[in-house]
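Trainee: Have a look at this one.
The values are calculated or read from the model by the stated rules, or taken from the named source; none is laboratory data. Since this is a predicted model, take the numbers as computed values, not measurements. Reconstructed Cβ throughout: ideal geometry from the backbone, glycine too, with neighbour counts over all protein chains shown.
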Amino acid sequence: MRLGFPRISCPILSSLILIFSLRPLESATYFTSDAMKVRVEGVFKTKDVIWGMTFLSAEEILFTEKSGSIFKLNLKSGNLQRILGVPKVHPHGQGGLMDIQLDPEFSKNSWVYISYSIENREQSWSTRIARARLKNNRLTELQVLFTADIQSDEGVHFGSRIVFDGKGHIFFGMGDRGQRELAQSLAHHNGKIFRLHDDGRIPSTNPFAKTKAARPEIWAYGNRNPQGLARHFQTGELWEIEHGPRGGDEINRILPGRNYGWPVITFGREYGGPKIGEGTSKSGMEQPVYQFTPSIAPSSLMIYSGKVFKAWKGDFFSASLVLQHINRLRFEDDTLRGEERFLSDLKERFRHIVESPDGLIYTSTDSGKIYRLSLR
């Protein structure tokens with residue numbers, strides 16, 4: 001398969017606008033799914049990991065580069081503009097500038113939410129959630145909403161996707177940061193799902209808000225490394241996908257106050273082979289709705305609306321890093337009814353997958369590419 005990409009090969013300084021041609025590709029590719037002929041085309045290429053994407057409109061994407069930059073890409077005109085005012089990011093291992101999301105009322109308030117790694121102490125890195133107003137291609141009025149109180153020099157399991165519930169709250173995840181036993185401790189931030197008001201205040205109705213010694217921002221716990229969060233467009237339920245160790249990647253319905261088991265229970269093993277914890281189930285700990293063994297190394301989660309790809313309505317999509325494909329799952333009453341894997345011929349580590357306002361699907365890669373799926 002040969003796909004031609006517009007390529008950015010030099011630094012973009014200050015607020016320079018770079019205009020390039022989004023000309024037709026040298027070749028696109030197609031695959032068939034549920035009697036639909038799906039077109040796959042590359043629309044952009046840079047040199048960094050494109051970790052997060054969100055849409056200003058059907059034509060404009062904001063995306064993050066893991067090393068610490070945010071850009072705005074116009075898919076129609078080819079304009080690419082650096083967003084100024086991005087806070088200092090301290091990339092470390094799997095950490096860097098990660099997710100980016102628009103406030104549900106962005107057209108009224110201009111708030112943009114981001115997650116990124118910081119050096120919170122000497123040789124200790126953590127994850128921060130912040131918001132800022134996007135005005136004239138610059139982030140202003142930066143507000144830090146949350147900084148994980150974690151001391152770890154490990155370069156793993158930073159999280160951290162951001163989701164809104166439409167009721168004035170944000171949800172985000174934090175991995176165990178290599179300190180797995182702390183995922184079971186309500187006194188620590190490691191291995192948790194959090195809920196805050198969208199301005200950073202802690203809701204008094206959080207499940208542990210009145211529990212002595214517990215962190216009141218915790219919504220759920222016992223999660224190894226949450227890499228995707230999605231709110232179901234029909235039910236409003238919060239869903240999560242996370243990395244297992246060697247096997248045992250999980251899809252979970254996230255409910256308040258529930259314990260998802262890591263590292264006491266898991267379907268995975270140590271990378272060297274030995275078992276982890278006490279087995280695959282234990283009273284008081286949640287079972288995943290689905291688990292992947294062997295691991296696919298999921299990196300995001302999207303529940304598709306069906307706007308364009310009618311046969312995919314309500315299906316779960318994840319980008320896969322290690323097995324290098326897009327994964328599609330269909331559930332009925334929490335029972336898997338079908339699984340499909342595609343785009344493996346591109347041999348890419350897929351980092352993120354999102355639905356555009358007009359119902360097309362976009363996915364990004366660790367090699368710095370953005371692909372579009374359409375029916376045209």
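Trainee: Filter segment 33-76 down to the residues that are assigned to a strand (DSSP E or B) and out of contact with any strand residue (DSSP E or B) (no Cβ under 7 Å at 6 or more places or on another chain) and list them by number.
Mentor: Start the filter on segment 33-76 by keeping residues that are assigned to a strand (DSSP E or B), which leaves 33, 36-45, 50-55, 60-65, 69-74.
Of everything in segment 33-76, just one residue is assigned to a strand (DSSP E or B) and out of contact with any strand residue (DSSP E or B) (no Cβ under 7 Å at 6 or more places or on another chain), namely Met36.
Trainee: Next up: If you go through segment 256-277 one residue at a time, do you hit one that is closer than 27 Å to Lys66 by Cα, among the polar types (S, T, N, Q) and either out of contact with any Gly (no Cβ under 9 Å at 6 or more places or on another chain) or at pLDDT 95 or above (or both)?
Mentor: no
Trainee: Does any residue in segment 57-78 that is at positive phi and touching a residue at least 12 places away in the same chain (Cβ under 8 Å) come within less than 6 Å, Cβ to Cβ, of a residue that is part of a loop (DSSP other than H, G, I, E, B) and not β-branched (Val, Ile, Thr) six or more places away or on a different chain, and which pairs are these?
Mentor: Gly78/Phe20; Gly78/Ser21; Gly78/Leu22
Trainee: Follow-up. Name the residue, out of Glu119, Glu141, Glu154, that is farther than 18 Å from His169 by Cα and in contact (Cβ under 8 Å) with a residue 60 or more places away in the chain. Explain how you work it out, then say what you get.
Mentor: Details: Glu119 fails: in contact (Cβ under 8 Å) with a residue 60 or more places away in the chain; Glu141 fails: in contact (Cβ under 8 Å) with a residue 60 or more places away in the chain.
Just a single option satisfies the conditions, and that option is Glu154.
Trainee: From the list Leu255, Leu301, exactly one residue is under 15 Å from Val163 (Cβ atoms) and either crowded, with 22+ Cβ neighbours inside 10 Å or small (Gly, Ala, Ser) (or both). Which is it? Don't jump to the end; show me each part of the working.
Mentor: Details: Leu255 fails: either crowded, with 22+ Cβ neighbours inside 10 Å or small (Gly, Ala, Ser) (or both).
Answer to the selection: Leu301.
Trainee: Further, regarding this structure: I'd like the full set of residues that are part of a loop (DSSP other than H, G, I, E, B), under 16 Å from the mean Cα position of the chain (by Cα), buried (at least 22 other Cβ atoms within 10 Å of the Cβ) and in contact (Cβ under 8 Å) with a residue 60 or more places away in the chain, limited to segment 200-248.
Mentor: Filtering segment 200-248 down to residues part of a loop (DSSP other than H, G, I, E, B) leaves 200-217, 222-225, 232-237, 243-245, 247-248.
Checking the rest, the ones that are also under 16 Å from the mean Cα position of the chain (by Cα) come to 223-225, 232, 243-244.
Filter again for buried (at least 22 other Cβ atoms within 10 Å of the Cβ), leaving 223-225, 243-244.
Answer for segment 200-248, where residues must be part of a loop (DSSP other than H, G, I, E, B), under 16 Å from the mean Cα position of the chain (by Cα), buried (at least 22 other Cβ atoms within 10 Å of the Cβ) and in contact (Cβ under 8 Å) with a residue 60 or more places away in the chain: Arg224, Asn225, His243.
Trainee: Tell me which residues, restricted to segment 141-173, are of a type in the set (A, V, I, L, M), outside any strand (DSSP E or B) and crowded, with 19+ Cβ neighbours inside 10 Å. Step through it out loud before you land on a result.
Mentor: Filtering segment 141-173 down to residues of a type in the set (A, V, I, L, M) leaves 142, 144-145, 148, 150, 156, 162-163, 170.
Adding the requirement that they be outside any strand (DSSP E or B) leaves 148, 150, 156.
Selection gives Ala148, Ile150.
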